[in-house]
Structures are given as C-alpha cells and as structure tokens.
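The values are calculated or read from the model by the stated rules, or taken from the named source; none is laboratory data. Here the structure is a predicted model, which is why all the values come from computation and not from measurement. Quick reminder, even Gly has a Cβ in these numbers, built from the backbone with ideal geometry, and neighbours come from all protein chains shown. SASA here: full protein model, heavy atoms, side chains in, ligands and nucleic acids out. Shrake-Rupley method; radii C 1.70, N 1.55, O 1.52, S 1.80 Å.
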Amino acid sequence: MKTKQLLLALFALIVVAACTEQDGELPGTSPVNNIVDLKKNWQNSSLDNDFFDQQAKVSHYNFEKRDINNALRIRNVAAFRFVLGLVENELQVVMVGVDEKGKEILKIFSNPYKGNAYKDAIRSLKESSFTYETERINHPVIGGHLLPYSKVYEYLHRWETALPTKNIEEMISDEGIRYRYFTMKRELMMEMISKTQVSCIALFFGLNDRSELTTVFLQKDGLNQLILQNEKYPLKSGEAIDFIKPCPTDCGSIE
C-alpha cells in the first residue's frame, strides 16, 4: 500500500498543461519542482510596468479535473493551497496538496490562459438574479462558499479595473505582506469537480467587497466552455466558489 501511495505521489508531481485552449496564448509554466524561488520572487519583487502589462492579458488559470482526481487519490492530502509565485514578471499559481500539518505532498502547475474568449460570458452575469438550488445552499461543505453570479462579475471587474491604475499593493497584501496562498479543503475541491460535465476548474482573481484580492473558481466542460447559470435546466448549472482563506491573513495548517 505504501508503495502504491508513493507512486501516486510521484505521478502527481509531474507538471501538466491544463485545459488547452484553441484561441488564446498558452505560455505554460517552467517545470520547477521547487517553488521556493517562485514564492520569493512574488514576495520581494517590485511590480513594474511589465508585470501589469502581462497581468492585464491573463484571464484565468486552469487546472484539469483528471489531475485533481489523481491528487485526491492520495489519502493524506487534506487541503490544497493555491500558491502565488512570480516568473519573469508574470504571476503564476501552483496548486499544492498538503497534509493535516501543512506538509507539501504534491504540486500541479497551472496554465495561465491569455485571451478574451470568456469576457462576454462574464459580462452577461452582471445583472444575474440566478439562485442556486436549495440543496446546494444548505450543503455543509459547499453551501458557505457559493458566490452569486452577479458578484462574480463585480469581483472580476474590480480587479480588471484596478490593474491599469498600478496601485494594487494594499489590495494584494495584509499588513505589508503579500498574500502567499489561498487554501481550499479537500472536501470542497471534491464538491467542485463532482458533476460529470466538469472537466476543468478555472481560477480567476477578483477583488471582494473589501477591495481585497480573492480567488473565484468557475467550472469548465469538455469543450472548455464555462459552466454557468442554466435557467432552463438548473441542475446543469455551474457553481462559482469563493470565500477560501488567504495567508498571511490566516495561515493555519489547512485552514
């Protein structure tokens, strides 16, 4: 059994390209097993014009369901940290599986998507009055993390609007320390990918109602289309996820 778990862990460490898109630039991520340098760069680098030019092009970061499933097969993975790093003035996100004590077990590198293919879909959520099914709202795991679609638009639009000002340091920091990672518990990740039509999760950055950087997760199907509200078939609707805890605001082992 130990040998099997070790093989699964080694497999999960392989860097993967997530959710290949047809119409956007996919620069990919260097196969770096040690993310210490990425994290240091993010904490210590001045955010210059090149950073803002690069970030304005990034729509979101993709993680494939099959790679998440491989990670979930490792029983002692208790949570996932979405770690922020900087490579050549471009913000990167690495999904790190940790155990109950916060020890790193595996890494999955995201693939940033650059393009405008999803702007209209996001814009269509501006006036959304769609509500989630009562069963999901009351669900003990995912219920407290469901983000109304109108808020999805607000959060993403605020971040998009803030970037050109180049005055975001207070938005991405807590008492002068930039956010290091956002943590999602294992059970919430399992709920996010539980629907059959989900083939990928997409991490968008936004600014919440307190103008703080936050993650917004949306789901994609096998055609790389966002799974959003479906008034005709509510059970086929997607779910927008927020309210996962950032560090250094909260750096508990897996909270």
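Below are the figures for this structure:
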| read-out | value |
| --- | --- |
| Convex hull (Cα only) mean projected area of region 29-94, reported in nm² to one decimal | 5.3 nm² |
| Global form of region 32-165, assessed from the alpha-carbon gyration tensor, a/c cut-off 1.5 | oblate |
| With every protein chain in place, region 163-255: carbon and sulfur % of accessible area (1.4 Å) | 50 percent |
| Heavy-atom surface of region 104-255, accessible at 1.4 Å and reported per residue (Å²) | 48 Å² |
| Pairwise label distance in nanometres, Glu100 with Thr131, each label 7 Å out on the Cα-Cβ vector | 3.9 nm |
| Whether region 163-246 is rounded, prolate or oblate, judged on the alpha carbon gyration tensor where a/c under 1.5 counts as rounded | prolate |
| Partner lysines for Lys220 [C-alpha distance under 24 Å; skip if fewer than 8 residues away on the same chain] | Lys57, Lys65, Lys107, Lys114, Lys119, Lys126, Lys151, Lys185, Lys195, Lys232, Lys236, Lys245 |
| Loop-resident sites, region 140-225, for trypsin sites (Lys or Arg not before Pro), counting at most 14 other Cβ within 10 Å (DSSP) | Lys166, Arg210 |
| Sparsely packed GluC sites (Glu not before Pro) within region 190-246, loop by DSSP, other Cβ within 10 Å at most 12 | Glu231 |
| Region 103-137 versus region 140-216: alpha-carbon centroid distance in Å | 9 Å |
| Under 17 Å from the Ala56 label point (7 Å along Cα→beta-carbon), backbone N, region 137-169 | 157-169 |
| Global form of region 61-135, assessed from the alpha-carbon gyration tensor, a/c cut-off 1.5 | oblate |
